[in-house]
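Visitor: The structure's right below; bear with me while I get my questions together.
Please treat every number below as a calculation from the coordinates, not as lab data. None of the values given here were measured: they were computed from a predicted structure. Glycine gets a Cβ as well: all are built from the backbone with ideal geometry, and neighbour counts include every protein chain shown.
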Amino acid sequence: MTMNKSLRNFVVFKLFLFLSVASFAQNNYTVSGSVTDEDAGIPLEYATITFNDPSGKLSPQGGVTDFDGNFSIEVKEGTYNIIVEYISFEPKKFNNRSITKDITLGTVRLGLNADSLDEVVIRSETTQVDIRLDKKIYNIGKDLTTQGASISDALSNVPSVTVDVEGAISLRGNENVKILINGKPSAMAGFGDTDVFKQLPADAIERVEVITSPSARYDAEGTAGILNIILRKEKTLGLNGSISANLGYPTNSSISANLNLRTDKFNIFNTTGVYYKKAPGHAFFDNRYYGDSLSVDRSIEDRDYDRRRQGINTNLGMQYFLTESSSITGSVFMRFGDDKDISKNNTSRFLNDNLINSTTRTEIEKEKDESYQYALNYVNKFNDEGHKLTADLQYSYDNEDRPTSIVENFNFPTENLQGKDRIFENEKQNEFLIQADYVLPLGEAQFEAGYRGTFKEEVTDYTLESLNLSNNLYEIDSLLTNKFTYNENVNAVYTQYGNKLGKFSFLLGLRLEQTQLKGKIDSEFADQGALEEELGTDVDVNFDKNYLGLFPTVNLIYELGEEEHVSVGYNRRINRPRGWYINPFPSRSSRTNIFQGNPDLDPAYSDAFDIGYLKQWDKLTLTSSIYYQHETESFERIKEDTGNTTTDGEKIIRSIPINLAKNDRFGGELGLLYNPIDWLRLNGSFNIYNSTTKGDFNGVNYDSENTSWFARFSSKVTLPSDIQWQTTGFYRGPSKNATTESDGIFSMNIALSKDLIKDVATISLNVSDVFNTRKRTSFSNNRTGVDDLDYFTSNSEFQWRERQITLGVVYRFNQPKNQRGRNGGNSSGMDEGGDYEG
């Protein structure tokens with residue numbers, strides 16, 4: 001009886017389960033089809049297909065196309081508005097489609113978005129290049145060498161961009177480049193301190209916009225142009241994301257997560273990373289001094305660096321869709337760092353080739369850093385043609401505490417303490433941003449206008465204490481202890497108009513900017529005269545300067561054929577001095593080689609011209625341009641004798657930025673993308689330029705001429721077992737300025753990648769600087785003429801980071817392997833202006 005009852009219950013349960021599954025299966029049907037380019041019929045990989053229930057009873061559903069542009073998506077029975085989307089293409093909509101059985105949508109052909117004003121899209125496995133009237137957009141794509149790498153490493157793989165051994169970023173060989181995050185100055189960019197890019201993961205980047213001819217919507221800052229880094233934000237419905245972990249030698253460990261949750265009403269996104277890294281480095285200086293009555297005529301410095309970087313950063317935001325055409329987005333970025341740098345400097349001093357003395361200087365600098373950024377964005381799209389209004393508010397705050405201890409000991413001829421210093425430095429930065437942009441399409445034409453205000457304050461509080469060897473007590477250095485406050489306030493309005501007339505497209509703009517630069521030194525221990533004498537400058541260290549300027553832009557494109565065009569661009573730019581370029585108090589990293597800011601610096605202005613040519617064949621794409629830039633009041637870092645000596649008679653040499661009369665730069669660049677066969681993809685670029693500088697400072701002529709070049713090559717090969725192998729090589733040719741000649745630098749990166757679980761888990765091995773050759777070797781000579789008998793020379797070598805080996809693992813959920821850069825979007829509107837992506 002009991003057995004029969006149990007058997008009956010089991011049968012009833014199984015029947016109920018079968019009927020439930022059958023009932024569920026009956027309510028799900030498959031929608032299939034394919035998505036291609038309307039003109040060429042090229043399959044569009046990872047196009048998005050979204051199913052929205054107009055009644056709101058069913059949650060949004062969807063999927064993406066595969067490598068061949070095909071899709072097969074299971075959805076619940078119902079009536080849907082179906083949207084097919086792909087970046088830079090017009091979306092296709094199928095409204096009120098009833099799904100009561102398996103159906104096919106056939107081949108959905110998408111055309112290029114007309115609102116992009118004649119953009120050209122080039123696709124390849126390693127990168128996707130989107131060429132527009134005022135910029136080139138590089139999606140990171142499948143670049144293996146950026147897996148487990150930093151943003152700084154990723155930028156070094158972008159054509160036209162170079163990153164030197166210290167992390168300084170240049171565009172076409174010019175360091176005067178403005179760096180934006182999502183179209184705005186950001187705490188994530190360290191307010192101009194690019195060292196933060198060595199800490200943030202490259203996996204957070206969706207794309208990089210190289211803007212060599214910026215339109216009027218952009219800040220006029222940066223005479224070389226603008227690099228706009230767009231961070232990831234997925235459009236795919238539901239919960240999706242990825243988790244990556246890396247382990248490297250020298251120590252390079254990190255773990256980061258990118259998460260996204262999207263529904264029809266909101267989109268929540270987060271990127272969080274934790275890292276612990278060490279970057280050993282080395283430097284060498286051989287200084288020789290010439291003149292009469294010298295106590296030291298040669299010094300050799302041998303430095304070793306041990307840098308530790310550890311911290312956490314997170315970016316959390318939510319986009320809420322007020323209506324189908326309007327949304328508001330709020331986000332907060334936070335970064336907390338706890339760094340430590342140890343540098344040991346062994347110095348030997350000579351006179352007539354005889355060793356006079358030798359010292360060891362140990363400097364330990366700690367840095368606790370906290371950064372916050374709060375942003376609020378509003379977007380209202382009045383129609384599907386691109387008529388919209390955006391407004392942005394942003395506040396950024398950065399606080400850095402840098403306590404430093406310096407100990408110097410004599411090793412020869414006796415062993416004893418030479419001196420001890422303690423430095424307490426605190427730097428705070430506050431920045432407010434207000435912006436509004438209005439875009440009005442007029443058929444094929446487009447009108448745009450807007451306002452941007454940025455208000456920034458940097459406060460550096462610096463205290464130096466030196467040990468009195470007679471009483472063993474620390475005493476404050478009354479002249480060098482100070483508080484320096486620097487303000488930069490910029491108000492700007494702009495307007496621009498673009499149109500397409502047959503094969504001819506143009507974008508004309510005008511920007512008006514008012515700039516206020518203010519500096520103030522608070523030093524309670526010294527009067528102005530004593531301070532100026534100590535600093536070696538007779539300029540007013542307290543200043544309030546105002547500049548008003550007009551900045552026109554002109555960008556033109558003419559289509560020679562369907563896959564061939566020429567472009568012409570002109571823009572006027574400004575380069576404002578940064579706070580550390582203004583601060584007149586010298587660094588303390590070396591007793592004899594110091595850096596000192598110049599409070600008398602004025603902004604530099606440039607006029608830039610660019611002519612470009614693009615041609616596409618079946619498997620080959622060529623991009624090229626020639627450019628010319630004329631800059632007045634250009635910045636130049638020079639080395640000079642301060643006239644002071646150390647206690648043991650060695651000359652103190654300083655590096656200082658100055659305004660020179662003018663700089664003329666002329667160059668050309670060439671890029672090739674070649675996919676000869678499915679398993680081989682090649683990418684190369686070459687840039688050559690000539691720079692002529694003219695000007696005088698303190699009675700010394702600094703005229704110079706420099707011709708240099710750099711080249712980049714990348715190849716990606718698919719090996720057996722679907723192992724991906726990528727090699728990237730970079731060479732920067734020799735260069736020189738008024739006082740310094742630098743040798744060429746070659747470096748090579750290799751990377752291997754293999755799917756452990758197809759489209760879900762990937763393992764990679766990345767070797768950066770395979771041959772450990774990424775070193776800067778230079779020779780400086782401050783001799784101003786053949787009759788000058790009182791001068792110095794310096795041979796130096798510097799290596800910021802040794803060869804790096806990194807092993808990485810990436811795990812994805814509900815996110816295709818190559819979705820990054822395909823369907824991601826940035827909803828702030830600030831980086832796109834009048835460009836639309838469907």
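Visitor: Averaging over all projection directions, find the projected area of the Cα convex hull of the stretch 553-658 and quote it in nm² with one decimal place.
Guide: 10.6
Visitor: Just how far, in whole angstrom, is the stretch 432-484 from the stretch 350-406 if you go by their alpha carbon centroids?
Guide: Comparing the Cα centres of the stretch 350-406 and the stretch 432-484, I get a distance of 10 Å.
Visitor: Could you calculate the contour length gain from LEU719 to TRP679, that is, 0.36 nm times the residue separation minus the distance between their Cα atoms, to one decimal place in nm? Provide the component values of the computation, followed by the final result.
Guide: Numbers: separation 40, 0.36 × 40 = 14.40 nm, distance 0.78 nm.
Roughly 13.6 nm would be gained on extension.
Visitor: Turning to a different aspect of this structure: Just in the stretch 300-382: which GluC sites (Glu not before Pro) are loop by DSSP and have at most 15 other Cβ atoms within 10 Å?
Guide: Hits after loop and neighbour filter: GLU324.
Visitor: Looking only at Cα atoms, what is the convex hull volume of the stretch 670-811 per residue, in Å³?
Guide: Once divided by residue count, the hull of the stretch 670-811 is 146 Å³.
Visitor: Sorted from fewest to most neighbouring beta carbons within 10 Å, what does the list SER470, SER55, SER299 look like? Before the final figure, lay out each step's value.
Guide: Values: SER470 6, SER55 9, SER299 25.
Going from sparsest to densest Cβ surroundings: SER470, SER55, SER299.
Visitor: Quick check: residue separation of HIS630 and SER55 times 0.36 nm, minus the Cα distance between them. What number comes out in nm?
Guide: Here the answer is 201.0 nm.
Visitor: Which of ASP369, ASP66 comes first, and how do the rest follow, when ranked by fewest Cβ neighbours within 10 Å?
Guide: Fewest-to-most Cβ neighbours within 10 Å comes out as ASP66, ASP369.
Visitor: Among the chymotrypsin sites (Phe, Trp or Tyr not before Pro) within the stretch 359-453, which fall in a DSSP loop and have no more than 13 other Cβ atoms within 10 Å of their own Cβ?
Guide: none
Visitor: Another one. For the stretch 666-735 and the stretch 576-624, what is the separation of their Cα centres, given in Å?
Guide: For the stretch 666-735 versus the stretch 576-624, the Cα centre distance is 17 Å.
Visitor: Moving to a separate point now. What lysines sit close enough to LYS277 to cross-link, taking a C-alpha to C-alpha distance under 21 Å and skipping anything fewer than 8 places away on the same chain?
Guide: Reachable lysines: LYS198, LYS340, LYS344, LYS366, LYS368, LYS775.
Visitor: Can you put ILE476, ILE574 in order, fewest other beta carbons within 10 Å first?
Guide: ILE476, ILE574
Visitor: Another question, if that's okay. Name the shape class, rounded, prolate or oblate, that the alpha-carbon gyration tensor gives for the stretch 748-788, where a ≥ b ≥ c are the square roots of its eigenvalues, rounded holds for a/c under 1.5, and otherwise prolate holds if a/b is larger than b/c and oblate otherwise.
Guide: Since a/c reaches 1.5 and a/b is larger than b/c, the shape of the stretch 748-788 is classed as prolate.
Visitor: Which net charge results when you count Lys and Arg as +1 and Asp and Glu as -1 among the other residues whose beta-carbon is under 12 Å from that of GLN629?
Guide: +1
Visitor: Can you compute the charge dipole magnitude of the stretch 545-704 about its Cα centre, using +1 on each Lys and Arg Cβ and -1 on each Asp and Glu Cβ, nothing else charged? Give it in debye, rounded to the nearest 20.
Guide: Numbers: 17 positive and 21 negative charges, 136 e Å.
In total the dipole reaches around 660 debye.
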